[in-house]
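Working notes for the structure below.
The values are calculated or read from the model by the stated rules, or taken from the named source; none is laboratory data. The model shown is predicted, which means the values in this text are computed figures rather than measured ones. Here the Cβ is made from the backbone with ideal geometry for all residues, glycine too, and neighbour counts use every protein chain on show.
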Number of protein chains: 4
Amino acid sequence: MSGNTFGTLFAVTNFGESHGPAIGCVIDGCPPGMPLCEADIQADLDRRRPGTSRHVTQRAEPDAVEILSGVYEGVTTGTPIALLIRNTDQRSKDYGDIAQRFRPGHADYTYWHKYGVRDPRGGGRSSARLTAPTVAAGAVARKWLAAQFGTQVRACMSQLGELEIGFESWDHVAQNPFFAPVADVQRFEDYMDALRKAGDSCGARIRVQATGVPVGWGEPIYDKLDADIAWAMMGLNAVKGVEIGAGFASAAQRGTVHGDSLSPDGFRSNNAGGILGGISSGQDIEAQIAIKPTSSILSPRESIDTAGQSVQVSTRGRHDPCVGIRAAPIAEALLALVLIDHALRHRAQCGDVRQAVAPISAAVR
Amino acid sequence: MSGNTFGTLFAVTNFGESHGPAIGCVIDGCPPGMPLCEADIQADLDRRRPGTSRHVTQRAEPDAVEILSGVYEGVTTGTPIALLIRNTDQRSKDYGDIAQRFRPGHADYTYWHKYGVRDPRGGGRSSARLTAPTVAAGAVARKWLAAQFGTQVRACMSQLGELEIGFESWDHVAQNPFFAPVADVQRFEDYMDALRKAGDSCGARIRVQATGVPVGWGEPIYDKLDADIAWAMMGLNAVKGVEIGAGFASAAQRGTVHGDSLSPDGFRSNNAGGILGGISSGQDIEAQIAIKPTSSILSPRESIDTAGQSVQVSTRGRHDPCVGIRAAPIAEALLALVLIDHALRHRAQCGDVRQAVAPISAAVR
Amino acid sequence: MSGNTFGTLFAVTNFGESHGPAIGCVIDGCPPGMPLCEADIQADLDRRRPGTSRHVTQRAEPDAVEILSGVYEGVTTGTPIALLIRNTDQRSKDYGDIAQRFRPGHADYTYWHKYGVRDPRGGGRSSARLTAPTVAAGAVARKWLAAQFGTQVRACMSQLGELEIGFESWDHVAQNPFFAPVADVQRFEDYMDALRKAGDSCGARIRVQATGVPVGWGEPIYDKLDADIAWAMMGLNAVKGVEIGAGFASAAQRGTVHGDSLSPDGFRSNNAGGILGGISSGQDIEAQIAIKPTSSILSPRESIDTAGQSVQVSTRGRHDPCVGIRAAPIAEALLALVLIDHALRHRAQCGDVRQAVAPISAAVR
Amino acid sequence: MSGNTFGTLFAVTNFGESHGPAIGCVIDGCPPGMPLCEADIQADLDRRRPGTSRHVTQRAEPDAVEILSGVYEGVTTGTPIALLIRNTDQRSKDYGDIAQRFRPGHADYTYWHKYGVRDPRGGGRSSARLTAPTVAAGAVARKWLAAQFGTQVRACMSQLGELEIGFESWDHVAQNPFFAPVADVQRFEDYMDALRKAGDSCGARIRVQATGVPVGWGEPIYDKLDADIAWAMMGLNAVKGVEIGAGFASAAQRGTVHGDSLSPDGFRSNNAGGILGGISSGQDIEAQIAIKPTSSILSPRESIDTAGQSVQVSTRGRHDPCVGIRAAPIAEALLALVLIDHALRHRAQCGDVRQAVAPISAAVR
């Protein structure tokens, strides 16, 4: 109820502050009997980890995850899986000067008003560092989805600041620090270098996709699959927009164009983004998210302090000049967490999912 | 868990099918002591009601609401408020020919796969008619928010098909059937007439805003205020995209531009859309939603039937050529429902909301 | 969150006041594909109904249930099932004299303090009349449990005031107005007649049992099956105690006596009441509940009014002299509702329930 | 949904196994601004700790708690409070012989059936050791309740095996290892010594009380305060019965006796146990629980193994001969957790609790 739990049947409760002793999460509801070890989780954490290129924060945090419970002899037992990541590279003094002044565009101001007290070190609870437990939980979800249904989630960058990024191939994504689906990323390198030099930051757009999703996941009329994806994505730090399928472009479409025709071999198009009436159609789930520029920048800006007085704010510390760069693995985790929760919800009400899938859905992509 | 409840502390459980005996909802958690009568609710229902202009479905349904419980001598008692709307103008035969064939872009296909059985009359549970109970519950939420905090929610159309709609004044919205914030709507009349003649439908974009929202509402890190708004809006039938504040435009912005500066008199801009770190900032909440074209259209399209055979589908019946037209009052209700829930959640954890608001917030708009 | 919803996956939201327009509930999460009609529900309602013997309240209420949604052509669709019962025999003037004074032992006092306002007619929301929607929802749960697993729930009276009631046979329960499992109930008739003459009321004890419950239902460590049964039963009006299996007697037992031995043919005894570690063991579920005497009695008692002044209270109106008499069908419904919720929760996490049951469980009763 | 979370607004998610790396919990919803340090929690943990007398298990576990998050500079921040207790004295070989055979009366059998896999070391997840995180969370709840309302919770033993324990004074409870409210405990020492010699175990009864509870906590009609207390208590390992106020004795009472009269100075008696209609009345909350004998005993018993074959089971290891002895601090914690959750739920719906309490309630105890 206080907002730190993701999901209902596969429920992930997140805890921690950027510069506290540790961050982590408890997963309640993971099905029993699945092989799981720390390496399964570490792989995804490493993709999100800071310090991996010069375009992201230089905080050197190993983000080593420890499984505290819920796994016995390498197999999940159906009991809560607690995941712990110790914080090791906190430099709290970096943040001392902003404890009493609000960074424009940052959660400083609202946390202070809401709770009357906040941990200002590294953004405390509002830090993007808290996406690490989400990614860790997402790795567990992904493993189960893949094993049960062959479901795969993946994400790539589709826009970096003003630069649109065309789609060449998913194969490129792991080959560059931008998660870009293109072979040549030199212009992104140059763009980011110029940005850092200017003491500024930029936004981004991310595309996220799931393949191998059976027909029938999603709970109308409020907990629709697309509604929960929108909730998950908009809840990611700095996200300001979410689209499913044709998204905002659909406002200008005609019904004769937008509605995806069906044939005995499957759907003819995917304007729907794989979701009809809030329920997965068996097509690929397609979403896009817009990420705002990092609010912690070097350039000085006008603001106020906790006493309401006018001040200048300039953030030193170690920050991502484009938080969108590391967002791809997080978006994947979020989508996986939404999907597993709906898989279990569907199984609860309608019985085993695989039986519910009519033959045609296999061909429908 | 099965997706028909909106909210947690102000929880609205929705029921009904388009052509069943009745639709309605139960509100659990409405604070006691608030004056409430059917007329308070009917006003909002009437704004959403079909048959009010030639540009919306001609189904003539009075949508008269009856309060079944939770109100004694005109005052809420803190017990569940059940709201009932009888269905009166069902013409089920209009839909007989589509019981076994799937309309492209419609929930027919996914409901059938998910549940194995569905009520096909008028779209059954997936009908936009089920937004009426949401609007009714929203009216209760709005009354409480206005009385407690002076919070107001309002929405207008910002795009109709290919036509962008500039903003002139909120005063115009109630003066035309399009909820357009402009004085002259002749081009929308013409556009819609041509569309109907073509047997086609179009999409739309809606802007929704809340004023008078105190600082501090929203529960990080998952149930953020913007995440819940995204969930609510994306859950509305036909919505394919949601933006908060600068939305997708923020992907191309720089940090020096996007971050809203603060002064002792308040914020200097509102790219954030009134939400920072998932918590309201005291500024106006601003959101935009994209609505796809109606999937029930007269023009014949390729599809399949429940046996997987190729068929042509052409929907007669009475349908909105642009479901976005009636979406404004629904979007308002959805925003109000998100806000009241977070108001109560904030009060639970942090005590009385009004005390938590620092003086500056009053000036910050 | 405001306490009017029973269950999570088979969630029943209850609404109404004793003398308002109607009472009812919305069931969200009923599996699709189950035949269901009003008669299925009415049978259980009739067993709970007032006015069926001279030992219960003479309020003559048909309690006719109407299914408003969630059923199409006699089959559940997986969408919410709304059940409506109109109130028809309200005599509100009977209660006019107690609107401002608190009946000892009654919820008048606490509702008034909690909400600041209450519907005093017939006890308003705190009336035992509000168990009717629970019974109606329980009937749906029972039908599904019986069809899926052969699960049966039943209850009988085991104590009436000071009178202990031995167990002869379940067959007698439906043959007398006391739900007593004995052939001769003359002494209960005499006891109740004397009680009414004295203007007094008495307590009771009820035994409730479920057979055919598979091994594996229940969610440790908090939402244990027995914990949820205790919650359900203690939440029934006037209940002051709940026991599972050996109950309070187990405090004086030794481990060598209490622990139910297992053999290849099943358990040797059932001190556990069918639940071990919060999970069903495949044995019969056994519970007992203690019900306090009705607080609305004719005999005058000392109390205070809303101004805090000393007053005498004597309740006329139509009341059950022993609310325990009509409690048996309600206890059955409550147990069924707990069981179906755990059946679905188990299915969500562990897959199809019937596959999870090892062969031995069939023999274990 | 999978049963490991206690509460809604003050939600405690418990994790861990008896012999895994660690146990702990995450508290989501603790109000901000409360001073909190590890010592506040350790005091209650130490009262529950094993190895404190010869009558409890000799496992020597310091149960040292670490606060991982949610507290900054000694004050709660309103963000999740993660509490970690490392397991240090696991002797897993003690349990090796029972991995394949089911202890009568133990959760071994049902966990194995439910999940198909379980951690058998020390009872794994079903161990009473998992009450430690509950106690830790309860300590946080108690501190807040005491600071806000002066609410105090306390528990004592009222029966040890066959021995009834009269009530002399709360002052004695902390002076003996039995939590007995009497000065002379020699007969309990002798009783326990004989029991251990016999290789047997015994049950117990515990009384738990809360003082200083304002009028108005509790959410009818399902989440009643007494229903939630029953849920909490029945969910405690080995509990088989729960009573509120007069409990099972009320079945034999008359209405003229049971109903607690009110006077301008307060209630005349407390058969209700401080709860009317599911809502606190301002009187002391009074509950009793029955605890079954420990199922892990030295005396050999008949059972089966995982292959369904007949075996003898005799448990060595280190076990409490009467789990009831250490139950008092746990029962206190459970009651505190129920109360704080309802305090926050009441505040959400009805506003600040202290304002809601009418003057008379201060005098009513």
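The table that follows gives values for the structure above.
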read-out	value
The lone exception for C:Q90 - which of (1) modelled with pLDDT under 95; (2) under 30 Å from D:R268 (Cβ atoms); (3) not hydroxyl-bearing (S, T, Y) it fails	(2)
For A:Y109: the one exception among (1) free of Cβ contacts under 8 Å to residues at least 40 places away in the same chain; (2) farther than 27 Å from A:L145 by Cβ; (3) surrounded by 17 or more Cβ atoms within 10 Å (Cβ to Cβ); (4) over 24 Å from the mean Cα position of the chain (by Cα)	(4)
Condition check for C:I330: in contact with a Pro (Cβ under 8 Å, 6 or more places away or on another chain) and either at pLDDT 90 or above or more than 22 Å from C:F6 (Cα to Cα) (or both)	no
Residue within the stretch D:101-109 that is modelled with pLDDT under 95, assigned to a loop (DSSP other than H, G, I, E, B), out of contact with any helix residue (DSSP H, G or I) (no Cβ under 7 Å at 6 or more places or on another chain) and away from chain C (no Cβ under 13 Å) present	no
Residue that is surrounded by the fewest Cβ atoms within 10 Å (Cβ to Cβ), among those in the stretch D:255-277 that are over 19 Å from C:T306 (Cβ atoms) and more than 7 Å from every other protein chain (Cβ to nearest Cβ)	D:S269
Filter pass, C:S69 being farther than 18 Å from C:T134 by Cα, more than 14 Å from chain D (Cβ to nearest Cβ) and of a type in the set (G, A, S)	no
Matching residues in the stretch D:218-254 - criterion: being part of a strand (DSSP E or B) and either crowded, with 24+ Cβ neighbours inside 10 Å or out of contact with any Asp or Glu (no Cβ under 9 Å at 6 or more places or on another chain) (or both)	D:V239, D:K240, D:G241, D:V242, D:E243, D:I244
Enumeration of residues in the stretch C:236-254 that are farther than 28 Å from D:G218 by Cα, facing chain D (nearest Cβ under 7 Å) and within 28 Å of the chain's Cα centre (by Cα)	C:A246, C:S250, C:A251
Those residues of the stretch C:329-351 which are facing chain A (nearest Cβ under 9 Å) and in contact with a Leu (Cβ under 6 Å, 6 or more places away or on another chain), in sequence order	C:L344, C:R345, C:A348
Test: C:G29 is closer than 30 Å to B:P120 by Cβ, more than 14 Å from chain D (Cβ to nearest Cβ) and in contact with a strand residue (DSSP E or B) (Cβ under 8 Å, 6 or more places away or on another chain)	no
Where C:A232 falls short, out of the listed (1) within 7 Å of chain D (Cβ to nearest Cβ); (2) at pLDDT 95 or above; (3) out of contact with any Gly (no Cβ under 7 Å at 6 or more places or on another chain)	(1)
Tally of residues being in a strand (DSSP E or B) and of a type in the set (S, T, N, Q) across the stretch D:130-186	3
Cβ-Cβ under 8 Å pairs, at least 6 apart or on other chains, the stretch D:151-173 side of a type in the set (F, W, Y), far side in a loop (DSSP other than H, G, I, E, B)	D:F167/D:P181; D:F167/D:V182; D:W170/D:P181
Hits in the stretch D:1-25 - residues which are more than 7 Å from every other protein chain (Cβ to nearest Cβ) and in a loop (DSSP other than H, G, I, E, B)	D:G7, D:F10, D:S18, D:H19
Strands (runs of 3 or more DSSP E) enclosed by the stretch B:279-321 - at least 2 residues per element that are within 18 Å of the chain's Cα centre (by Cα)	B:285-291
The one condition in (1) touching a helix residue (DSSP H, G or I) at 6+ places or on another chain (Cβ under 8 Å); (2) more than 30 Å from B:G29 (Cβ to Cβ); (3) among the acidic types (D, E) that C:D46 fails to fulfil	(1)
Residues satisfying the stated conditions in the stretch A:255-278, i.e. at positive phi and either in a loop (DSSP other than H, G, I, E, B) or among the aliphatic types (A, V, I, L, M) (or both)	A:G273, A:G274, A:G277, A:G278
Qualifying residue in the stretch B:197-206 (condition: modelled with pLDDT under 95, farther than 29 Å from B:N4 by Cβ, over 21 Å from the mean Cα position of the chain (by Cα) and more than 12 Å from chain A (Cβ to nearest Cβ))	yes
Whichever residue in the stretch B:160-212 is closer than 22 Å to B:D284 by Cβ and hydroxyl-bearing (S, T, Y) and, among such residues, is surrounded by the fewest Cβ atoms within 10 Å (Cβ to Cβ)	B:S169
Breaking point among (1) in contact (Cβ under 8 Å) with a residue 12 or more places away in the chain; (2) farther than 30 Å from A:E219 by Cβ; (3) within 14 Å of chain D (Cβ to nearest Cβ); (4) in contact with a Pro (Cβ under 8 Å, 6 or more places away or on another chain), for C:P120	(4)
Every residue from the stretch C:209-224 that is closer than 27 Å to D:T5 by Cβ and either within 15 Å of the chain's Cα centre (by Cα) or within 9 Å of chain D (Cβ to nearest Cβ) (or both)	C:A210, C:P214, C:V215, C:G216, C:W217, C:G218, C:E219, C:P220, C:I221, C:Y222, C:D223, C:K224
Matching residues in the stretch D:141-157 - criterion: being crowded, with 22+ Cβ neighbours inside 10 Å, of a type in the set (G, A, S) and in contact with a strand residue (DSSP E or B) (Cβ under 8 Å, 6 or more places away or on another chain)	D:A155
A:G166 being within 14 Å of chain B (Cβ to nearest Cβ) and modelled with pLDDT of 95 or more	no
Every residue from the stretch D:31-63 that is at pLDDT 80 or above, within 26 Å of D:P321 (Cβ to Cβ) and hydrophobic (A, V, I, L, M, F, W, C)	D:A43, D:L45
Given (1) away from chain D (no Cβ under 14 Å); (2) part of a loop (DSSP other than H, G, I, E, B); (3) touching a residue at least 40 places away in the same chain (Cβ under 8 Å), number of the condition C:A60 does not satisfy	(3)
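For (1) polar (S, T, N, Q); (2) within 25 Å of B:N271 (Cα to Cα); (3) over 21 Å from the mean Cα position of the chain (by Cα), each residue gets a yes or a no:
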position: A:I81; (1), (2), (3): no, no, no
position: A:R101; (1), (2), (3): no, yes, yes
position: A:V117; (1), (2), (3): no, no, yes
position: A:G122; (1), (2), (3): no, yes, no
position: A:A132; (1), (2), (3): no, no, no
position: A:G150; (1), (2), (3): no, no, no
position: A:I165; (1), (2), (3): no, yes, no
position: A:D184; (1), (2), (3): no, no, yes
position: A:R187; (1), (2), (3): no, no, yes
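For every residue, the table says whether it meets (1) among the aliphatic types (A, V, I, L, M); (2) in contact (Cβ under 8 Å) with a residue 12 or more places away in the chain; (3) closer than 19 Å to D:I275 by Cβ.
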residue: C:F179; (1), (2), (3): no, yes, no
residue: C:F188; (1), (2), (3): no, yes, no
residue: C:Y191; (1), (2), (3): no, yes, no
residue: C:R196; (1), (2), (3): no, yes, no
residue: C:I206; (1), (2), (3): yes, yes, no
residue: C:W217; (1), (2), (3): no, yes, no
residue: C:A238; (1), (2), (3): yes, yes, yes
